[in-house]
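Taking it in order: structure first as structure tokens, then the write-up.
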Amino acid sequence: MGRRVSPLAKSWDRGFLTLAWLENPVNLDSSNRDSDLDSSTTDTDLDLDLNMTDLDLNLSSGDLRLNLHLRSIISGLERHCKKKTFVGVFGKTGSGKSSLINAILGEKMLLPSGTICACTSVIIQVEANMTNSSYIAEIDFISKKDWEGELKSILRILSDDKEERNDDLVSASKDKLIALYGEDAEMEDFDELIKDDHFSDIPEFLMSCTKTLSFDTAAELFDATGCYIQHDELKPGECFWPVVKCVTIKVPNCKDTLEHITLLDLPGTGDYNKSRDEMWKKSLPNCSSVWLVSEINRAGSEKAAWDILNSSLTDLAQGGECTSITFICTKSDDLDTQYYMRSCKLKDEDLGIPSDQDSKYMVKKKRACILHRNDKAKNLVRQRFEKQCQIKKHFSDENFQVFTVSSAEFTEDNSLLKPEETEIPHLRELLRSLNMRYTKEATKHYFDGALGVLSLIQAYGDNSRVMTQDKSILYNVLDKKLQNELEGIQEYLHHLLSELDLCLSEGVIESEEKSIDLAVKKVIAPTRKNGSAYHRTLKALCRNEGYFRSKQGETDLNQCLATYLYKHINNKFNLYFGICGKTGQSVYERIDEFSIISSKTTEDYGDSAVLNHILNFLKSEETKLKDQLKLSVVVQKKKMYAVLRDSLRNSMISCYRDAALFVGVGSMKKMQDTLIEHIESSKGTMFRHAKNEMLELFKTLMVRIENELRTELKKAMDQSLIDSNTLHDLNVSKEIQDVKMLSDAVLNQSQI
Ligand SMILES: Nc1nc2c(ncn2[C@@H]2O[C@H](COP(=O)(O)OP(=O)(O)OP(=O)(O)O)[C@@H](O)[C@H]2O)c(=O)[nH]1
Ligand SMILES: [Mg+2]
């Protein structure tokens, strides 16, 4: 019987590839099919609809395992295609973040932007709606239990006597009560405020589920979601944001910019809400890029944007995966021409304005001033960047860009700036190329995997006795190589373990010696801080497990206690886990080096078509496995880095609780003494414990890397070289050629 050629439909969808294979109903019950091979992929750049039936596998019961194996490979490929990355948009309240996101998405009204008395108060995730053309808002609430806890703490803060009152906290607490319950909320007690009838408009909050709203237009979404997103002083009792954790907005028709990217609009204000603060902190390590937003008028002098970056640096860089910083000076149109020219001593001729004053003279002059100031601002920001020693350790000049934008001018019909002069199109392009990078990565991953599967199918065409012997010889060669390579990577990982151990041990010694002094000087009793005001900050910090974020910035005793551990670990950590470029010693590079297929193996066995297909399959499995492992390394290294601070927080929790209970005269001193005594009595164990927790996480990673390389590659070798499966009647050589050709074409798309 001749080998059948399967139909592989392919088409170009706006320059991208669409592969459509038919779905296989045989040998899988419906539950398996749904989870293993969801073929309902939609309008993505890479529409992948894989199907085995039409390949007419004619499966006997013994081949079910093969079928399942092939399906699991394919579904793994699909999952990878859906990977997302985050761009965090940071900046002071009112700096123009929400307006910027609206402008980039070409929407005048999407995210509510500020008025005199309104600002974004929850984290907003903006992503592409990939399924239909609706504007969707998904609102996640904090749990009712969390709100009970927060309400109790709000009422406690409001009832604190004068000595204890923290003005920021009092005003934030009042804001929340009034926003949710109205002006008279302070008159009511806890039992009254927690009653369910206050939340009858948001049953999803009471039921702990997500509220989903869908609209035809952005403006409708804007109107309906303001109360979940914005703090608006003019609407007491009509806002729900105090009980909202996060809002996800899905925007149609922005696949080219947001298919693989989620924009995070992060509130500029400090929050004082535990779950939202936690979410804020947790979102930092997932950002692959940071956009720092600052009004152009203050771009050169303002500290706030840099402060935000500096205080988040640990979570973004070593503890995260951020590889680039984009500084965005907003409101470039906000300029007083006369004042600007005078202060810069500029004349018309300096700006290239013709002396014949036509009707557009003033407009031309303002435009020229805007462009003049844009250049100046860019230079100033770059100069400021040069002075940021900590930030520069992680981000080189190439990873730092500056833009001067005007969202207002971009969306204005009678704009005095050309669209490109508002620089919004440049930012859009930046997003588009980032998105394209991920699309290409996903495409490459998919094609490599698809070629691997096809190669395996093709290799099953020959199970003659001679071929079985050849496979067995190749198996032994690869098995030996696998052992050697595993030994090599084990040696490398053990070396890392002892290096990390050494650095951490030095950190423990210095922490035991110096941490108390540092904690006292920086957090517990800083000399330059005003006594009674600082008393309140310290109290808030104790109530919040050692961490306090306010409009003035962050105070973190746990981070402070971890200073010397981080100091000793930082250099090695960057060397082994840094993700901005190659270091020559990183775990990612070492994983890349790992391979069971040397060029000699390919030379020795590549002449046989079947063995060549098998080697291609194994290569593809190996690449896929290594990519997955590298992603796991990033996840684990974030945990490793954070664990030092988190472990110290856990060691301190009991004393934070005790310290928070002191009230009245002398309570500041009692709080300070409690903290100091606890650090003093625990310093012999807590730093060592933090060190051990980090090393344990690294050991888990080591085991995972070793185990997965061993078991997954063995599995692939067994599948391709030992199993006696045959698929005589299938010839997919044409598909292999097609996928190769399409793969090259898509990956070189810019040249098409
Ligand atoms: N002139 C001018 N005003 C702008 C521009 N972009 C934003 N604004 C105004 O600045 C104010 C604040 O803008 P938002 O986008 O709400 O700022 P935000 O950073 O999101 O503020 P928070 O939500 O409080 O963190 C609003 O009144 C906007 O209309 C711009 O390009 N030019
Ligand atoms: Mg905003």
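Coordinate-derived values only; no laboratory data. Treat the numbers as computed from the prediction; the structure is a model and nothing was measured. FYI the Cβ positions are ideal-geometry reconstructions off the backbone, even for glycines, and counts take in every protein chain you see.
Expected output is a single nm value to one decimal: the length gained when fully extending between Glu386 and Glu603, i.e. 0.36 nm times separation in residues minus the C-alpha distance. What is it?
73.0 nm
Looking at the stretch 147-215 from every direction and averaging, what is the projected area of its Cα convex hull in nm²?
Numbers: hull surface 23.4 nm².
Over every viewing direction, the Cα hull of the stretch 147-215 projects on average to 5.9 nm².
Is the shape of the stretch 401-476 best called rounded, prolate or oblate, per the rule: a/c under 1.5 gives rounded, else a/b larger than b/c gives prolate, else oblate, with a ≥ b ≥ c the square roots of the Cα gyration tensor eigenvalues?
Prolate, since a/c reaches 1.5 and a/b exceeds b/c.
Hey, with R₀ at 35 Å, roughly what FRET efficiency would Leu497 and Asn399 work out to, going by the Cβ-Cβ distance, to 0.05?
0.70
Could you give P(r) for the stretch 601-752, binned at 10 Å from zero, as whole percent values over all Cα-Cα pairs?
Going out from 0 Å in 10 Å bins, the stretch 601-752 shows 9, 20, 20, 15, 12, 10, 9, 5, 1 percent.
Mind listing P(r) for the stretch 464-721? All alpha-carbon pairs, 10 Å bins, whole percents.
Going from the shortest bin to the longest, the percentages are 6, 25, 22, 16, 12, 9, 6, 3, 1, 0.
Post the alpha-carbon centroid distance, the stretch 362-406 to the stretch 217-269, in whole angstrom.
That distance is 29 Å.
For the stretch 85-422, with only Lys/Arg (+1) and Asp/Glu (-1) charged at the beta-carbon, what is the dipole magnitude about the Cα centre, in debye rounded to 20?
1680
Measure out, as a whole number of angstrom, how far apart the alpha-carbon centroids of the stretch 489-542 and the stretch 605-621 sit.
Cα centroid of the stretch 489-542 versus Cα centroid of the stretch 605-621: 53 Å apart.
Can you give me the Cα centroid spacing of the stretch 632-676 and the stretch 692-706 in angstrom?
Each part reduced to its Cα centre gives a spacing of 25 Å.
Once you've got the Cα coordinates, tell me which of Lys572/Lys715; Lys108/Lys360; Lys97/Lys152 are over 30 Å apart.
With Cα atoms farther than 30 Å apart: Lys572/Lys715; Lys97/Lys152.
When N counts the residues of the stretch 85-422, how does its alpha-carbon radius of gyration compare numerically with 2.2 N^0.38 Å, as a ratio?
Against the compact-globule rule of thumb, the ratio is 1.10.
Once R0 is set to 56 Å, what does the formula 1/(1 + (r/R0)^6) return for the Cβ-Cβ distance between Leu371 and Asp184, expressed as a FRET efficiency to the nearest 0.05?
E between Leu371 and Asp184, to the nearest 0.05, is 0.60.
Please compute the Cα-Cα pair-distance distribution of the stretch 420-555 with 5 Å bins starting at 0, giving whole percents from short to long.
Cα pair-distance distribution for the stretch 420-555, in percent: 2, 7, 7, 7, 6, 7, 8, 8, 10, 11, 8, 6, 5, 4, 3, 1, 1, 0.
Work out how much length Glu513 to Leu661 would gain on full extension: take 0.36 nm times their residue separation and subtract the Cα-Cα distance, in nm to one decimal.
Here the answer is 50.4 nm.
Within the stretch 383-415, list the residues whose amide N lies under 18 Å from a label point set 7 Å along Cα→Cβ of Cys580.
Backbone N within reach: 383-403.
Sort 344-355, 409-420 by the packing proxy (mean of other Cβ within 10 Å over each peptide's residues), most packed first. Let's see the in-between values first.
On the way: 344-355: 11.9, 409-420: 14.6.
The packing order, highest mean first, is 409-420, 344-355.
Subtracting the Cα-Cα distance from 0.36 nm times the residue separation, let me have the gained length for Gln490 to Lys108 in nm, one decimal.
That pair, Gln490 and Lys108, stretches by 132.0 nm at full extension.
Using +1 on the beta carbon of Lys and Arg, -1 on that of Asp and Glu, and nothing else charged, what's the dipole of the stretch 464-721 about the Cα centre, debye to 20?
Using only the charged Cβ atoms, the result is roughly 1400 debye.
Modelled label-to-label distance, Glu349 and Asp216, 7 Å Cα→beta-carbon offset: nm?
6.0
Output the Cα-based Rg and Dmax of the stretch 592-640 in Å, rounding Rg to one decimal and Dmax to a whole number.
14.5, 46
Strictly over 25 Å apart at the Cα level, which of Lys481/Lys638; Lys281/Lys691; Lys582/Lys714 would you flag in this model?
Lys481/Lys638; Lys582/Lys714
Sort 512-524, 322-334 by packing, meaning the average of other beta carbons within 10 Å per residue, with the highest value first.
Details: 512-524: 16.5, 322-334: 22.8.
Result, highest mean first: 322-334, 512-524.
How fast does the stretch 620-670 diffuse by Stokes-Einstein, in µm²/s, taking the Kirkwood radius from C-alpha pairs at 20 °C and 1.002 mPa s? Please list the in-between numbers first.
Numbers: Rh = 14.5 Å.
Translational diffusion coefficient: 148 µm²/s.
So, by mean Cβ neighbours within 10 angstrom, what's the order for 637-647, 289-299 with the highest one leading?
Top of the packing list down: 289-299, 637-647.
In nm, to one decimal, how far is the modelled label at Ile194 from the one at Asp744, with both set 7 Å along Cα→Cβ?
6.9
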